[in-house]
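Novice: Structure incoming, see below.
The values are calculated or read from the model by the stated rules, or taken from the named source; none is laboratory data. None of these values were measured; they are calculated from a predicted model. We place every Cβ from the backbone using ideal geometry, glycine too, and count neighbours over all the protein chains shown. All accessible areas refer to the heavy atoms of the entire protein, side chains included, with ligands and DNA or RNA removed. Shrake-Rupley method; radii C 1.70, N 1.55, O 1.52, S 1.80 Å.
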Amino acid sequence: MGTGTPVSVYSTTTDSSGNWSFTIGTISTSTPLLVWVDATTTVRASLFTKSTTTSGNIGGLSLYQNRVIVSYGTTTSTSTTLADLGFYDSDNDSDIRFNASSTLGTFNVFDAQELHVWTGKVLELTGSSTFTGDVHIATSSRLIGGATTTVLGHLDNAGAYVSNGAKVWQ
């Protein structure tokens with residue numbers, strides 16, 4: 001798991017039921033958190049969120065195989081941006097199957113992983129985005145596309161896609 005700026009990285013293992021936990025101490029509300037499966041080429045999963053508390057448990061961080069999930073708790077945040085996602089990505093660990101750069105204005109999800117915008121959440125992109133797998137926009141969610149959005153898989157839109165430029169569905 002990666003947290004905050006500067007980034008701190010923590011690791012843990014699962015129990016026989018697949019449950020996991022760790023202790024990271026005090027963090028600020030809206031601190032970016034990225035949880036991912038590490039050191040395997042067969043199981044890929046990651047989840048981005050922002051902290052909802054400065055102390056106590058942060059629950060509900062479920063990983064789903066072959067998914068890049070974007071979520072955030074009930075913080076003051078109203079959306080997730082490239083700057084949020086870029087705090088720790090595939091440039092830092094190749095097991096993370098996305099790359100985000102607010103400087104370049106790019107967001108790419110690799111290896112046919114599904115981008116999943118969690119229920120009731122907003123992902124706001126700028127610039128160019130390429131998704132080699134499917135894109136799932138859950139109920140009451142929004143994906144705000146940048147200059148060019150390319151989806152090589154299927155678009156499953158139960159929420160809303162807002163285009164700020166060209167879109168390519170292949």
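Novice: Report relative contact order for the chain in percent, whole number only (criteria: Cα-Cα under 8 Å, sequence separation at least 6).
Specialist: Details: 438 pairs, mean separation 23.9, N = 170.
Computed over the chain, the figure is 14 percent.
Novice: Ok, one more. Under 5 Å between amide H atoms, partner at least 5 residues away or on a different chain: which partners does T126 have, H built in plane at 1.01 Å?
Specialist: Amide H neighbours of T126: L82.
Novice: Efficiency by 1/(1 + (r/R0)^6): what FRET value for L152 and T12, r their Cβ-Cβ distance, R0 = 30 Å, to the nearest 0.05?
Specialist: On the way: r = 33 Å, r/R0 = 1.11.
E between L152 and T12, to the nearest 0.05, is 0.35.
Novice: Given the options D134, D91, D15, state which has the largest fluctuation in a GNM of the chain using a 10 Å cut-off (strictly under) for Cα springs.
Specialist: The residue with the greatest mean-square fluctuation here is D15.
Novice: Toward the positive end of the charge dipole of the stretch 33-170, about the Cα centre and with charges on Cβ (Lys, Arg +1; Asp, Glu -1), which of T40, L115, Y161 goes farthest?
Specialist: The residue sitting farthest along the positive end of the dipole is Y161.
Novice: Please state the shape class of the stretch 93-138: rounded when a/c is under 1.5, otherwise prolate if a/b exceeds b/c and oblate if not, all from the C-alpha gyration tensor. Intermediate values should be presented prior to the final figure.
Specialist: On the way: a/c = 1.77, a/b = 1.14, b/c = 1.56.
Taking the square roots of the gyration eigenvalues as a ≥ b ≥ c, the stretch 93-138 is oblate.
Novice: Can I ask one more? Tell me whether the chain comes out rounded, prolate or oblate; compute the Cα gyration tensor, take square roots of the eigenvalues as a ≥ b ≥ c, and use a/c under 1.5 as the rounded threshold. Could the numbers behind the result be given before it?
Specialist: Numbers: a/c = 1.65, a/b = 1.42, b/c = 1.16.
It comes out prolate by the Cα gyration axes.
Novice: Take every DSSP beta bridge whose two residues both sit in the chain, then give the antiparallel share in percent to the nearest 5. Please list the in-between numbers first.
Specialist: On the way: 13 of 47 bridges.
Around 30 percent antiparallel, to the nearest 5.
Novice: Another question about this same structure. Based on DSSP H runs of at least 4 residues, each adding -39500 (n - 2.57), what is the mean residue ellipticity at 222 nm of the chain after dividing by all its residues, to the nearest 500 deg cm²/dmol? Provide the component values of the computation, followed by the final result.
Specialist: On the way: 1 runs with 4 residues, N = 170.
Rounded to the nearest 500, the figure is -500 deg cm²/dmol.
Novice: Another question, if that's okay. Taking square-rooted eigenvalues a ≥ b ≥ c of the alpha carbon gyration tensor, is the stretch 129-170 rounded, prolate or oblate, where a/c under 1.5 means rounded and, failing that, a/b exceeding b/c means prolate? All intermediate terms of the calculation are to be shown ahead of the outcome.
Specialist: Values: a/c = 2.40, a/b = 1.19, b/c = 2.02.
The shape class here is oblate.
Novice: Among T139, T126, T42, which one moves the most in a GNM of the chain with springs linking Cα atoms closer than 10 Å?
Specialist: Maximum among the listed residues: T42.
Novice: Can you compute the modelled spin-label distance between S163 and S62, with each label point 7 Å from Cα toward Cβ, in nm?
Specialist: 3.3
Novice: Within the stretch 64-170, which chymotrypsin sites (Phe, Trp or Tyr not before Pro) sit in a loop by DSSP and count at most 16 neighbouring Cβ atoms inside 10 Å? Don't skip to the end; give the middle numbers.
Specialist: On the way: sites: Y64, Y72, F87, Y88, F98, F107, F110, W118, F131, Y161, W169; in loops: Y64, Y72, F87, Y88, F110, W118.
Hits after loop and neighbour filter: Y64.
Novice: Here's something else I'd like to know. Using the Cα centre as the reference, give the magnitude of the dipole from point charges on the C-beta atoms of the chain (Lys, Arg: +1; Asp, Glu: -1; all else neutral), rounded to the nearest 20 debye. Provide the component values of the computation, followed by the final result.
Specialist: Working: 7 positive and 12 negative charges, 77 e Å.
Computed about the Cα centre, the dipole is about 360 debye.
Novice: Please calculate how many Å² of accessible area the chain carries per residue, with a 1.4 Å probe and no DNA, RNA or ligand atoms counted. Before the final figure, lay out each step's value.
Specialist: Working: 8210 Å² over 170 residues.
Accessible area per residue, the chain: 48 Å².
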